[in-house]
Amino acid sequence: MNPSFLRKVGVKPGLALRSTIPKLLLGAVVLGGAGSLLSAGAAQATIVPGNLCWFGVAAGPVGTPQCATYDAVTSPGGTQFTLADKLVNLGALTFGAKSGTLGFQWTPISPPGFTQDQFSLQLDFNPDSEGPYNGQFDYKISVLDPNFEFATAELDSIVSGVPANTTVTKKIFGFTDIVSTDGSNETGVPVNGTVLTVQNIWDVKAGSVLNSFGDTYTQKEVVPGPLPLLGAGIAFGFSRKLRRRISTSAQA
């Protein structure tokens, strides 16, 4: 990438390109309010107003609410994100002295429909800083359309600086943990059901910088289950009676 362009957008030319691009894209989303990200084979991925919040010691973008802990009993008005047929309820947020933004984006995939669409929670630290530090946040994500359920879960982190075994661990209750190490992209872990309870934990080592990370989900259509044995027997009996009546009518 052209060094002069990087200087114009406030990025040091020596910074790894992999860590630079997502920061520029997410920055465009934050500054533009309803900006867009492009994805291969997709129309647009958007973080719309109401699906972006800020956290930490510094105030976030103008007009963006502060992320707050969600508790269905004591804080029913806590932070919630809603896009298409997805609902996200934010739980415990432990960021220490770090600041940044958390957004929920939807990437429609052609052809239309939710089957291949991607839904991502994107956490971006701003400003970036070297480790050591750690933190976590919890949330619950639900599919509201009864015709769909979750299919896969993915995790991708952007790490710059010195590779030092910096990790982001994604714990999904009832499923295998997903771990992104030094910026690895972990894709396509199978999950199921319509509600997932998730906890993200990060551990940034000295010399490393965790720029951002994203939790991505896809879904699939719900396949109708087989008829209960009693129901199947009744249906079979009804079919036999119907065939007998048709045969009798034909002989008359």
Any chance PHE114 is under 13 Å from TYR217 (Cα atoms) and not in a strand (DSSP E or B): yes
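Kindly evaluate LEU242 against the criterion of being touching a helix residue (DSSP H, G or I) at 6+ places or on another chain (Cβ under 7 Å), modelled with pLDDT under 95 and either open to solvent by 90 Å² or more (accessible area, probe 1.4 Å) or part of a helix (DSSP H, G or I) (or both). Steps first, answer last, please.
Values: touching a helix residue (DSSP H, G or I) at 6+ places or on another chain (Cβ under 7 Å): no; modelled with pLDDT under 95: yes; either open to solvent by 90 Å² or more (accessible area, probe 1.4 Å) or part of a helix (DSSP H, G or I) (or both): yes.
It is false that LEU242 is touching a helix residue (DSSP H, G or I) at 6+ places or on another chain (Cβ under 7 Å), modelled with pLDDT under 95 and either open to solvent by 90 Å² or more (accessible area, probe 1.4 Å) or part of a helix (DSSP H, G or I) (or both).
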Qualifying position, being open to solvent by 30 Å² or more (accessible area, probe 1.4 Å), without any contact (Cβ under 8 Å) to a residue 24 or more places away in the chain and within 26 Å of GLY96 (Cβ to Cβ), among ASP182, ASP203, ASP156, ASP177: ASP177
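Within segment 208-218, identify whether any single residue is open to solvent by 70 Å² or more (accessible area, probe 1.4 Å) and modelled with pLDDT under 95, and answer yes or no.
There is no residue in segment 208-218 that is open to solvent by 70 Å² or more (accessible area, probe 1.4 Å) and modelled with pLDDT under 95.
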Residue that is surrounded by the fewest Cβ atoms within 10 Å (Cβ to Cβ), among those in segment 62-94 that are modelled with pLDDT under 80 and part of a loop (DSSP other than H, G, I, E, B): VAL73
Flag if VAL168 is open to solvent by 30 Å² or more (accessible area, probe 1.4 Å) and at pLDDT 95 or above: no
Matching residues, segment 103-126, being more than 22 Å from THR69 (Cα to Cα) and of a type outside the set (Asp, Glu): TRP106, THR107, PRO108, ILE109, SER110, PRO111, PRO112, GLY113, PHE114, THR115, GLN116, GLN118
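Keeping to segment 102-125, report how many residues are open to solvent by 10 Å² or more (accessible area, probe 1.4 Å) and modelled with pLDDT of 90 or more.
Of the residues in that region, 5 qualify.
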Condition broken by PHE137, with the remaining ones in (1) hydrophobic (A, V, I, L, M, F, W, C); (2) modelled with pLDDT under 95; (3) farther than 19 Å from GLY100 by Cα satisfied: (3)
Cβ-Cβ under 8 Å pairs, at least 6 apart or on other chains, segment 64-93 side farther than 13 Å from LYS140 by Cα, far side surrounded by fewer than 12 Cβ atoms within 10 Å (Cβ to Cβ) and at pLDDT 90 or above: ASP85/LEU144
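The values are calculated or read from the model by the stated rules, or taken from the named source; none is laboratory data. All values derive from a computational prediction rather than experimental measurement. FYI the Cβ positions are ideal-geometry reconstructions off the backbone, even for glycines, and counts take in every protein chain you see. Keep in mind that these areas ignore ligands, DNA and RNA; they rest on the heavy atoms of the full protein, side chains included. Shrake-Rupley method; radii C 1.70, N 1.55, O 1.52, S 1.80 Å.
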